[in-house]
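S.K.: Structure incoming, see below.
Derivation of every value follows stated rules applied to the coordinates shown; laboratory data play no part. All of these numbers come straight from a predicted model, not from anything done at the bench. Please note: Cβ atoms are built from the backbone with ideal geometry, for glycine as well, and neighbour counts cover all protein chains shown.
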Amino acid sequence: MYLLKRLKGVIIFILSSLKEECKTEDYDVVVVGAGPAGLSAALFTGVMKLRTLVLEAEKPPKLWSYPRRTFLLEGISGAEFIQKMVEQAKQGAVEIHTEEKAIDVYLREKKIVKTQRKSYECYALILATGARWKKLNVPGETWLARGTSYCATCDGPFFKDCNVIVVGSGNDAVEEALVLSQVAHKVTLVTNSTKVKAESLVEKLRRKGVSILEGYKVEAIERRELFNDVKLRSMKNGETNVVQAEGVFIALGVEPTSLKVEKIRVKTHRQGGIIVDSRQQTNIEGVFAAGDCTCASGFHMTSCVGDGIKAGLATYLYVKRLKRIKP
């Protein structure tokens, strides 16, 4: 009898704990992602007195993922900019939950965002989950901001009059090479195929003075004091050689890192980016998206900030209408 009572007490304690853990918290706005777009949106909705929660799967800010130098933001690095946004958000009506990954979304009378810890209910949802650059996965590729880049329009101006290499064979690589040809001293396009896929643009590359090395695979990038040694292997005969350049631009395309939004019928385009209108609204009422997860920001930090502010404004107006908030 004593053991049965003890067991009953343990079961009641476990059930009450689970009930408390599964309790849903209410917010006006939930933002998924604590990058430039997500933080900008949250700052705006927080300033407008909406109770805002930011969910970030990583330990933010992911300082390593932002450039050491920031185009159009003279005197401040990308990492410093993100850090200031986090500090400002925490001073307002914004909560930031780190290492808490959003794993599911449900559309009911309100939106419900489920994480591994609990569920959150909100009037409006902003998706700002970013995108990943496709990687070469070779030694030395991680020298970000020290000669290796994934974005010519972001980092190209810092390689003025330098020798640079672009790695890739599709439209992305060709477009990156054309951008860099306007600022760099010499541009070399390295492709592992025997023919550049964007044939219509090959002649334009040649007119711009871009050299093309076809049929080579990058095996390693070794950082020297002032330049990179790029080790190449011929796909034809296996021979290796080393090409030197101050900058190496990897242009293999991007992959949005959004939630499985198809479950809630959010429309995406061929690249996987979330489709939005001019107000950052998706096809689902009350669900917005901003930044690189839309594949429309140009992958600039400053563009993501603009997207976030637009999403924040549109979200405020949407929630204001639902709650009949007086201006």
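S.K.: How large is ³J(HN,Hα) for each residue in the range 226-232, as worked out from phi by the Karplus curve 6.51 cos²θ - 1.76 cosθ + 1.60 (θ = phi - 60°), to whole Hz, x for Gly and Pro?
M.R.: 10, 8, 10, 8, 10, 8, 10
S.K.: Put a dot 7 Å past each Cα toward the Cβ at Q244 and K195; how far apart are the dots in nm?
M.R.: 3.6 nm
S.K.: I've got another one for you. What nm value, rounded to one decimal, do you get for the distance between R207 and K236 when each label is placed 7 Å out toward the C-beta?
M.R.: Once both label points are built, they end up 2.7 nm from each other.
S.K.: Apply the Karplus parameterisation 6.51 cos²θ - 1.76 cosθ + 1.60, with θ equal to phi minus 60°, to every residue of the range 212-225 and state each ³J(HN,Hα) to the nearest whole Hz, in sequence, with x for glycine and proline.
M.R.: 10, 9, 9, x, 10, 10, 6, 9, 6, 10, 10, 7, 9, 5
S.K.: Could you please rank T142, T129, placing first whichever residue has the fewest other Cβ atoms within 10 Å of its Cβ? Don't jump to the answer; show the numbers that get you there.
M.R.: Values: T142 12, T129 26.
Ranking T142, T129 by Cβ neighbours within 10 Å, fewest first, gives T142, T129.
S.K.: What nm distance separates the two modelled labels at R132 and Y106, each placed 7 Å from Cα along Cα→Cβ?
M.R.: Between R132 and Y106, the simple spin-label model gives 2.8 nm.
S.K.: Here's something else I'd like to know. Neighbour counts of other C-beta atoms within 10 Å: give me S149, S181, S234 arranged from fewest to most. Write down the numbers at each step before the final one.
M.R.: Working: S149 25, S181 21, S234 13.
So the residues, fewest neighbours to most, are S234, S181, S149.
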